[in-house]
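Shown next, in structure tokens, is the structure this report addresses.
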Amino acid sequence: MILIPAIDLAQGRVVHACRGRRDDYQPVRSKLCRSSEPTDVIAGLLRLHTFSTVYIADLDAIRGLGDQSTVLEKLRDQFPDIDIWIDPGINTGTRYQQWQQLALGSIVLGSETLSDTGLLESTLAADTGTVLSLDFNADRLLGPPDLLEQAEHWPTRVIVMCLDRVGSDEGPDTERLQQLRRKSPRSDLFAAGGVRDLDDLLQLRQLGVAGALLASSLHDGRIGPAQIAALA
């Protein structure tokens, strides 16, 4: 199972995400680092474990308030060995091409900002290594509703993002993960939202989930070196 630290980036700082209520997000407070500056946060995470992948949501870009490309470029240069998955609020083919040319990491297409499934189909046909994020809020998919019925267009890597569970300590949505795994057995699913501890990770692994995005449980110490070693 691949463990992926998740970072929410806004106005040059890492913020603590909670249930998708972005207006209320505050700078992250972590046992791993002294500040919410992105390089400090990633350095702290790497002292905890040699993570190979980090997920970053550019909340400014997702909300149409500019973007954090300058910060992301700095992170790419400072941590060249990390595969950074970046959700920059892609909503058009032109925007996708712009971010692809920046070469800052693997692009995540979030269903929340997609207007239709056409862009996903074209990137899959081009074999660009794009990651799909199926963004849910409670029982509702954010984005094109027909996306759930077109699993043949999903790429190999699919994040199941349960925004209402992010920072909630409610545990992952195992029922939804099982449903989506049945829809696309060939896709590697990555659980995001609600993962609390080692028991949750072991349950996800038993369900055949390929990986999990983690934030709060890393920063508050519930998942640390001992838990990561036990999972391995």
**OP:** Hey, could you check region 189-227 for residues that are acidic (Asp, Glu) and outside any loop (DSSP other than H, G, I, E, B) and say which is nearest to Asp8 (Cα to Cα)?
**Re:** Asp200
**OP:** Give just the number: which of (1) assigned to a helix (DSSP H, G or I); (2) at pLDDT below 90 does Gly167 not satisfy?
**Re:** (1)
Original post:
Restricting attention to region 60-94, and to residues there that are of a type in the set (Lys, Arg) and touching a strand residue (DSSP E or B) at 6+ places or on another chain (Cβ under 9 Å), which single residue is modelled with the lowest pLDDT?
Top reply: Arg63
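On the given criteria, is Gln97 among the polar types (S, T, N, Q), at pLDDT 95 or above and farther than 22 Å from Ala192 by Cα?
Judged against the criteria, Gln97 is not a match.
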Original post:
In region 73-128, what residues are under 25 Å from Val160 (Cβ atoms) and of a type in the set (Asp, Glu)?
Top reply: Asp83, Asp87, Glu112, Asp116, Glu121, Asp127
**OP:** Kindly list, by first and then second residue, each pair from a residue in region 151-176 that is surrounded by fewer than 21 Cβ atoms within 10 Å (Cβ to Cβ) to a residue that is of a type in the set (Val, Ile, Thr) and assigned to a helix (DSSP H, G or I), limited to pairs with Cβ atoms under 8 Å and residues at least 6 apart or on different chains.
**Re:** Pro155/Thr123
Subject >> Some residue of region 37-55 being at negative phi, acidic (Asp, Glu) and crowded, with 18+ Cβ neighbours inside 10 Å >> reply: no
**OP:** Assess whether Arg19 counts as being of a type in the set (Lys, Arg), touching a Ser or Thr at 6+ places or on another chain (Cβ under 8 Å) and not in a helix (DSSP H, G or I).
**Re:** yes
Original post:
For Ala212, are the conditions met, namely being over 17 Å from Arg19 (Cβ atoms) and crowded, with 22+ Cβ neighbours inside 10 Å?
Top reply: yes
**OP:** From Asp139, Asp188, Asp199, grab the single residue that is free of Cβ contacts under 8 Å to residues at least 24 places away in the same chain and closer than 24 Å to Asn91 by Cα.
**Re:** Asp139
Original post:
Among the numbered criteria (1) at pLDDT below 90; (2) in contact with a Cys (Cβ under 9 Å, 6 or more places away or on another chain), which single criterion is violated by Asn137?
Top reply: (1)
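The values are calculated or read from the model by the stated rules, or taken from the named source; none is laboratory data. Fair warning: this is a prediction, and the values are worked out from it, not measured in the lab. As a convention, Cβ positions derive from the backbone with ideal geometry for all residues, glycine included, and neighbour counts pool all protein chains shown.
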